[in-house]
Amino acid sequence: QYKMILDLDTGIDDALALAYAIGHEDIDLIGIIASYGNNLTSVTAQNSLNLLDLLGASDVPVFYGASHSITTDDFSVMPVSKLIHGDNGVGDVDVPRSSRSVSEQSGIDFLIEAAHQYKDDLIYLPTGPLTNMALALQKDPSIAQLIGQTTLMGGALTVPGNVTSLTEANISQDPEAANQVFQEQKNLTMVGLDVTLRTLLTKKETAAWRATGTEKGKLYADIMDFYIDAYKTLKIDERGAALHDPLAVAVAVQPDYIETLDLNMKVTTDRFTGDYGRTIGDAKKLLDPTTSKAAVLVDQDRFVSDFQNMM
Ligand code: BDR
Ligand code: CA
């Protein structure tokens, strides 16, 4: 079993990633760091606590991460996030409130401690902005070589972005942090829109969840239907909604779902060139040994059907 830390901005597809990680026999989920992104950090942390209870995993601790990017003190949530994920982050569905609290230790310190404790056995899996990992790297640069694997949902290499034509939501929230992580962290895999937009879930699958008659099946179906409806209304995709965050969790432990391109990547941090926040290969490092990979192809049918069997 791999030790895994999820860094979530819960968020509907983050909620799916959480359920998937808990259900996967190869994953030992040791903690969740709460990020801002789809909602405020305080809201995403509470969502994770509530969902952990629903999933029967009340022993997994939740830690607060950053509340805003490194370079701004802007706490606001992008309006489109509320349209896609609902005002409460989970499709405006009432998930029973957990009686547990967020842990006192900071998420940044938790990540640093876990890196020293588990080293190569640790998978760090962010599905929101990369602020928390950048802050951890700034506090303890040694974690760059300690953490065994970093697999993240974010970025877009071969397809347009979903915030601007060049930028994806998670990376665009904190380009400086993302660039630091891309450049410093060893063994990093980017699972971006190139592959996640091919993994679509439909109301056929959510109807099957509802039909299980369980509380988890019903609430997850309601949450996911909100997301599928939003994809339709916002004309993102009429066929279904993308399994962005769960795909990243899946490929971290089953890399054969994807094909990757070896590439030293960077994130554009120049605010004046119009591509601020773009994920792209570093031209100056094209001949250097690579430390990062970008997913470019996915066996989407196999992943979606395995995902469905797990829920
Ligand atoms: C990513 O942005 C967030 O809204 C989703 O949860 C996902 O992590 C997709 O661009
Ligand atoms: Ca997310």
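Considering only region 234-248, state which residues are away from ligand 1 (no atom under 11 Å from the Cβ) and either in contact (Cβ under 8 Å) with a residue 60 or more places away in the chain or hydrophobic (A, V, I, L, M, F, W, C) (or both).
Filtering region 234-248 down to residues away from ligand 1 (no atom under 11 Å from the Cβ) leaves 234-235, 237-240.
Once the filter is applied, which keeps residues that are away from ligand 1 (no atom under 11 Å from the Cβ) and either in contact (Cβ under 8 Å) with a residue 60 or more places away in the chain or hydrophobic (A, V, I, L, M, F, W, C) (or both), region 234-248 yields only L234.
So, in region 145-155, of the ones that are buried (at least 21 other Cβ atoms within 10 Å of the Cβ) and either basic (K, R) or at negative phi (or both), which residue ends up farthest from the chain's Cα centre (by Cα)? Even if it seems obvious, please write down each step before you answer.
Step one: filter region 145-155 for residues buried (at least 21 other Cβ atoms within 10 Å of the Cβ), giving 147, 150-155.
Subsequent filtering for residues that are either basic (K, R) or at negative phi (or both) retains 147, 150-153.
Working: I147: 17, T150: 11, T151: 9, L152: 6, M153: 5 Å.
The residue in question is I147.
I'd like to know if region 32-40 contains one or more residues that are aromatic (F, W, Y), in contact (Cβ under 8 Å) with a residue 40 or more places away in the chain and away from ligand 1 (no atom under 13 Å from the Cβ).
Step one: filter region 32-40 for residues aromatic (F, W, Y), giving 36.
Next cut, in contact (Cβ under 8 Å) with a residue 40 or more places away in the chain only: 36.
Now restrict to residues that are away from ligand 1 (no atom under 13 Å from the Cβ): none.
No, there is no match, as no residue in region 32-40 is aromatic (F, W, Y), in contact (Cβ under 8 Å) with a residue 40 or more places away in the chain and away from ligand 1 (no atom under 13 Å from the Cβ).
Counting only residues that are more than 16 Å from D53 (Cβ to Cβ) and touching a Leu at 6+ places or on another chain (Cβ under 9 Å), which one in region 21-36 is farthest from ligand 2 (Cβ to nearest atom)? Spell out how you get there, then give the answer.
Step one: of region 21-36, the residues more than 16 Å from D53 (Cβ to Cβ) are 24-28, 30, 33, 35-36.
Those left that are additionally touching a Leu at 6+ places or on another chain (Cβ under 9 Å): 30, 33, 35.
Details: I30: 19, I33: 12, S35: 8 Å.
Ranking the qualifying residues of region 21-36, first place goes to I30.
With respect to A57, determine if the residue is within 23 Å of Y227 (Cβ to Cβ), assigned to a loop (DSSP other than H, G, I, E, B) and more than 13 Å from ligand 2 (Cβ to nearest atom). Outline the logic, then answer.
Numbers: within 23 Å of Y227 (Cβ to Cβ): yes; assigned to a loop (DSSP other than H, G, I, E, B): yes; more than 13 Å from ligand 2 (Cβ to nearest atom): yes.
Here the answer is yes, as A57 does meet what is asked.
When the residues of region 181-195 are narrowed to those that are without any contact (Cβ under 8 Å) to a residue 60 or more places away in the chain and crowded, with 22+ Cβ neighbours inside 10 Å, which ends up nearest to the chain's Cα centre (by Cα)?
In the first step, residues of region 181-195 are kept if they are without any contact (Cβ under 8 Å) to a residue 60 or more places away in the chain; the result is 181, 184, 193.
Filter once more, keeping what is crowded, with 22+ Cβ neighbours inside 10 Å: 181, 193.
Details: V181: 14, L193: 12 Å.
Residue satisfying both the conditions and the ranking: L193.
For region 176-215, which positions are in a helix (DSSP H, G or I), charged (D, E, K, R) and within 14 Å of ligand 1 (Cβ to nearest atom)? Walk me through it before giving the result.
Step one: list which residues in region 176-215 are in a helix (DSSP H, G or I), which gives 176-184, 193-196, 203-211, 215.
Right, trim to charged (D, E, K, R) and you get 176, 184, 194, 203-205, 210, 215.
Within region 176-215, just D194 meets the criteria.
Quickly run through region 88-136 and pick out the residues that are within 16 Å of ligand 2 (Cβ to nearest atom) and among the aromatic types (F, W, Y). Spell out the reasoning first.
We begin by selecting, within region 88-136, every residue within 16 Å of ligand 2 (Cβ to nearest atom); these are 88-91, 107, 124-133.
Correct list: Y124 only.
So, of the residues in region 156-175 that are surrounded by 17 or more Cβ atoms within 10 Å (Cβ to Cβ) and away from ligand 1 (no atom under 11 Å from the Cβ), which turns out to be farthest from M224 (Cα to Cα)?
So the residue we want is P175.
Only one of these is modelled with pLDDT of 95 or more, in contact with a helix residue (DSSP H, G or I) (Cβ under 9 Å, 6 or more places away or on another chain) and within 16 Å of ligand 1 (Cβ to nearest atom): S81, S69, S98, S103. Name it. Give the derivation first.
Working: S81 fails: modelled with pLDDT of 95 or more; S98 fails: within 16 Å of ligand 1 (Cβ to nearest atom); S103 fails: within 16 Å of ligand 1 (Cβ to nearest atom).
From the options S81, S69, S98, S103, the qualifying one is S69.
Within region 249-305, how many residues turn out to be under 25 Å from Q1 (Cα atoms), of a type in the set (V, I, T) and without any contact (Cβ under 8 Å) to a residue 12 or more places away in the chain?
The number of residues fulfilling the criteria is 0.
If we keep just the residues of region 82-126 that are in a helix (DSSP H, G or I) and under 16 Å from A45 (Cβ atoms), which is nearest to the chain's Cα centre (by Cα)? Please lay out each step first, then the result.
Initially, region 82-126 is screened for residues in a helix (DSSP H, G or I), giving 82-85, 107-121.
Subsequent filtering for residues that are under 16 Å from A45 (Cβ atoms) retains 85, 107-111.
Details: H85: 14, G107: 15, I108: 17, D109: 20, F110: 18, L111: 16 Å.
Result: H85.
The values are calculated or read from the model by the stated rules, or taken from the named source; none is laboratory data. As the structure is a prediction and not an experimental result, all values here were calculated from the model. Counting neighbours? That spans all protein chains shown, and the Cβs are built from the backbone with ideal geometry, glycine included.
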